[in-house]
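The values are calculated or read from the model by the stated rules, or taken from the named source; none is laboratory data. Every value quoted in this text rests on a predicted model; they were computed, and no experiment measured them. Cβ placement follows ideal geometry from the backbone for every residue including glycine, while neighbour counts extend to all protein chains displayed.
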Amino acid sequence: MIETFFPRDPVARALTRTTMAFALSSGVFYTVSALYFTRVIGLTPTTVGLGLGIAGGAAVAASYGAGWLSDRTGAHRVQVWATALQGLAILAYVGARDVWSFTVVAVIALVARASQGTARQALLARWYTGADRVTVRARMRVVTNVFIGLGTTVAALALLIDTPLAYQAAMLSVGALLLLATIPIARLPRRVPDLAARMLADDDAAPSNDDPPGRRNTDSRHPLRDRTYVTSVALNSVVAMHFGLQTIGVPLWVATTDAPKAMVSALLVLNTILVASLQVRASRGTHDVRLAGVAVRRGGWLLAAACLVYAGAAYGNLAAACALLVIGAVLHSLAEILAEAGGWGMAFELADPRRAGAYQGLTQTGYALAAMLSPIAVTVLAIRHGTLGWIALAVLFAAAGTGAAALARQAASRPASARHPDPVTTAA
């Protein structure tokens, strides 16, 4: 835990400090934003959903574009500017007065957030190698969960005061925290002199000695043409829909059972504790592609089991419903821990290192699509159709996890040079 929150490596330390401020702001935003949009700006819930849906679609495109930009200008620069832009956009919410201004600000905010996430992944992919990449990413996830929880607690003050001024102050604090989050990464090039060179140290960044005069070597494989990677992103994105299950499906489902509504908060606290305790340990070894696939498969099957347990909570009395929801949440949390660790390993190790930004951008695009579609899938299946819907989700998660493991096993049987051949050599 000491190394997680106070790492010695300067890059990890800068990323951790940025993550602390970013996650703290996220916790505050998640808590007050819905009430701010409806009670302060005066929008209807339907209008808020439509505006955020449009913004989410723009964020999907931005996730991939930010990877392309990271390969050419440096992931650390993209992360700084994207985080700063998001902070300014959140501050601009205070001036939003109608649906049009709200939607414009929402698009800018979510595009910047998606770009920041892609740039962070690209920075990790370029600076670290092997097990270090997954370990640092796992530690950042622990920091994220803990500080989102702290942000949620702090935001409770605004809910207690329950005035427009209190909600405006909370939104202003979110923007300020995001601007502060840019400082550690912005100062990093002075602390690590070779950072900028490492961010661009690939075939796309500099001409190769083997290239014809005046021609840059830009023929390294495009991620969309890498069938193995595209399939990996698709399968892991299906598994990643469990986040929508956790934030939308379970709270709505709790309301249909005999369990008290307060169980929603209890389950989220339980999830935070388990992730903080086990995420780093679960990530060990997942830099091996085959073991990463095994982790995703186990996560998929645990998600399937969690879905069936959640479904059973509708058939018991108060005590039985609470017990089944807790069991389901434990299975769900363990599944999240394993699936995330395995997904990171596959995303890092199956990528062509010459185009790290573009590949990580494709991964983030898949996760953005999952975030956009999962609320629809969860509400249509589990909430509308009950037990049959939960069974369908269980089958979906199990199938995606099993497919990811099979893909990883097949990819691990081929050397890296075969997965990503040198385009110049191939053309020759």
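Tell me whether the range 295-303 contains one or more residues that are in a helix (DSSP H, G or I), among the β-branched types (Val, Ile, Thr) and either in contact with an Asp or Glu (Cβ under 7 Å, 6 or more places away or on another chain) or over 20 Å from residue 247 (Cβ atoms) (or both). Let's see the steps before the verdict.
Going through the range 295-303, the residues in a helix (DSSP H, G or I) turn out to be 295-303.
Remaining after also requiring among the β-branched types (Val, Ile, Thr): 296.
Subsequent filtering for residues that are either in contact with an Asp or Glu (Cβ under 7 Å, 6 or more places away or on another chain) or over 20 Å from residue 247 (Cβ atoms) (or both) retains 296.
Checked the range 295-303: at least one residue is in a helix (DSSP H, G or I), among the β-branched types (Val, Ile, Thr) and either in contact with an Asp or Glu (Cβ under 7 Å, 6 or more places away or on another chain) or over 20 Å from residue 247 (Cβ atoms) (or both).
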Those residues of the range 233-284 that are over 16 Å from the mean Cα position of the chain (by Cα) and in a loop (DSSP other than H, G, I, E, B) come to a total of 9
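Check whether at least one residue in the range 326-334 is under 14 Å from the mean Cα position of the chain (by Cα) and in a helix (DSSP H, G or I), and report yes or no. Outline the logic, then answer.
Of the residues in the range 326-334, the ones under 14 Å from the mean Cα position of the chain (by Cα) are none.
Looking for residues that are under 14 Å from the mean Cα position of the chain (by Cα) and in a helix (DSSP H, G or I), one finds none in the range 326-334, hence no.
What residue, of 119, 131, is buried (at least 23 other Cβ atoms within 10 Å of the Cβ) and among the hydrophobic types (A, V, I, L, M, F, W, C)? Quick ask: steps written out before the conclusion?
Numbers: 131 fails: buried (at least 23 other Cβ atoms within 10 Å of the Cβ).
119 is the lone residue from the list that is buried (at least 23 other Cβ atoms within 10 Å of the Cβ) and among the hydrophobic types (A, V, I, L, M, F, W, C).
Would you call residue 414 assigned to a loop (DSSP other than H, G, I, E, B), charged (D, E, K, R) and at pLDDT below 90?
On the way: assigned to a loop (DSSP other than H, G, I, E, B): yes; charged (D, E, K, R): yes; at pLDDT below 90: yes.
Yes.
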With respect to residue 48, determine if the residue is among the β-branched types (Val, Ile, Thr), surrounded by 16 or more Cβ atoms within 10 Å (Cβ to Cβ) and at pLDDT 85 or above. no
Any pair with Cβ under 7 angstrom, 6 or more apart, that starts in the range 235-263 at a residue that is farther than 16 Å from residue 331 by Cβ and ends at one that is assigned to a loop (DSSP other than H, G, I, E, B) and modelled with pLDDT of 85 or more: 258/317
Looking at the range 268-277 only, could you name the residues that are buried (at least 18 other Cβ atoms within 10 Å of the Cβ) and closer than 16 Å to residue 3 by Cβ? 276
For the range 65-92, how many residues meet the condition of being within 15 Å of the chain's Cα centre (by Cα) and surrounded by fewer than 24 Cβ atoms within 10 Å (Cβ to Cβ)? 0
Step by step: first the residues of the range 313-372, then only those that are within 19 Å of residue 275 (Cβ to Cβ) and aromatic (Phe, Trp, Tyr), then the one that is surrounded by the fewest Cβ atoms within 10 Å (Cβ to Cβ). Which residue is that? 367
Of the residues in the range 396-414, those that are of a type outside the set (A, V, I, L, M) and under 8 Å from residue 300 (Cβ atoms) number 3
When the residues of the range 243-267 are filtered to those that are closer than 18 Å to residue 304 by Cα and among the polar types (S, T, N, Q), which remaining residue is surrounded by the most Cβ atoms within 10 Å (Cβ to Cβ)? 246
Filter result (among the charged types (D, E, K, R) and at pLDDT 90 or above) within the range 51-93: 77
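Rundown of residues vs (1) under 22 Å from residue 357 (Cβ atoms); (2) aliphatic (A, V, I, L, M); (3) assigned to a helix (DSSP H, G or I); (4) out of contact with any Asp or Glu (no Cβ under 6 Å at 6 or more places or on another chain), yes/no style:
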position	(1), (2), (3), (4)
119	yes, yes, yes, yes
133	yes, no, yes, yes
136	yes, yes, yes, yes
156	no, yes, yes, yes
176	no, yes, yes, yes
179	no, yes, yes, yes
Residue under question is residue 96, and the condition is that it be farther than 24 Å from residue 222 by Cβ, aliphatic (A, V, I, L, M) and modelled with pLDDT under 90; does it hold? yes
